[in-house]
Structures are given as structure tokens and as C-alpha cells.
Amino acid sequence: MTGTSQGDTPSPSYLTATFDIPLRALELTPAKPFLVRNERDLIKTQDFLFAEDVLSLSSRREGLQDKADIMSATAAILGILFAILKLRTSAKNWGQEPFGHQNTDYLLVVHDRDWQVTEVPVEYATPENGDQSFRYLGVQMDNNNQSKKQFTILNDHLSLIASTARNKMASPDTIVMAIKLSTHR
């Protein structure tokens, strides 16, 4: 966001005021909600925002395009510069698609604040093209809902700590402290 320094005292208020507008618009978008089950009901997922990172889900490509249009309009109206090159997209077929629906890769149309078009490829996550995991707020998210990538990262991290502790003949208390410190970076 141009004009607001990170760490500046009023910057959280500026971000809240600025991004409340598109988040409310995204919330009111009737198109194709992504539903999850809680204990009793199916509920519509909310779009997430942490600082300037937005995570938005939709059950259909049309819904995702509607959300991209809302965020594009936000950029144009508020003069916000989005890092379109950092935009991450993927699609997953969970079944129950409408009759005749084809799960083919497609292009999401995004406009910048000057309304210049960028087409962003959206690829379906399939076993043939890998897990298509992505990183959001420091956490590796897997499209296959099995957290294999996150498990691999955690396993590699703990193996490194265990190897270092073994080589230094560290006490159990030191190993526990090393794990605690390494997970809070």
C-alpha cells in the first residue's frame, strides 16, 4: 500500500479502514460460496485478510472471477497497488460438479489500479501435476487436504534439530528449548 509505512503507528487503522471496504464487498458477493462443515451445519467461508495478504475462496470459477473483479475495482477506486505477480491461484475438484462441467485450467482476469488487464493462470490440482501447495502467512497449505507438504517441512526441521542436538550431545532440556525457539521465528 503506497503511503503507509509498515510499523507506523496509524498503519493498522489505515489498513483496517481501507480493506474493510473490499472485505465487506467480498462478503456480500452472492456468487458461488465455498462451504465447510462445522459440527452441525454447512457454513460459508469468509475471505481472510492479514495486513495486506488476502485469501479468498470460491466454489466455482465464476465466483472467483467475481471476487477478482471486486478486488480489481478496489485497486482502481482506492489507488492501491496489488502485487499481481505474487497472486497465487489454484483449483480443486471435490466432486459434485454440475452436469457437463469440465475441470480444465483457465485464466483469471485481474485489473490493476490503472485498469490494465493481467491474465493469471489457474491450474487444477491433480496427482499428475503435484500437490500444488502454496504458502500463506508462513504456513504451507496443501490443496489435497492431507498436509503432506507441511508434514515434510516439519519433519525436515525436526530432523535438523535432532541431528544438531545429537552432534553436540545436548541435554533433553536443551533440545526442548531449541525446538521451542525454532518454532517461534
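Bear in mind these aren't lab numbers, they're just calculated from the coordinates by the rules spelled out. Note that the structure is predicted; figures quoted are calculated from it, not measured. With ideal geometry, Cβ positions are generated from the backbone for all residues, glycine too; neighbour counts draw on all protein chains shown.
Tabulated results
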| read-out | value |
| --- | --- |
| Neighbour-count order for M169, M141, fewest beta carbons within 10 angstrom listed first | M169, M141 |
| Förster-model FRET efficiency, 22 Å R0, L81 and L107, C-beta, rounded to 0.05 | 0.55 |
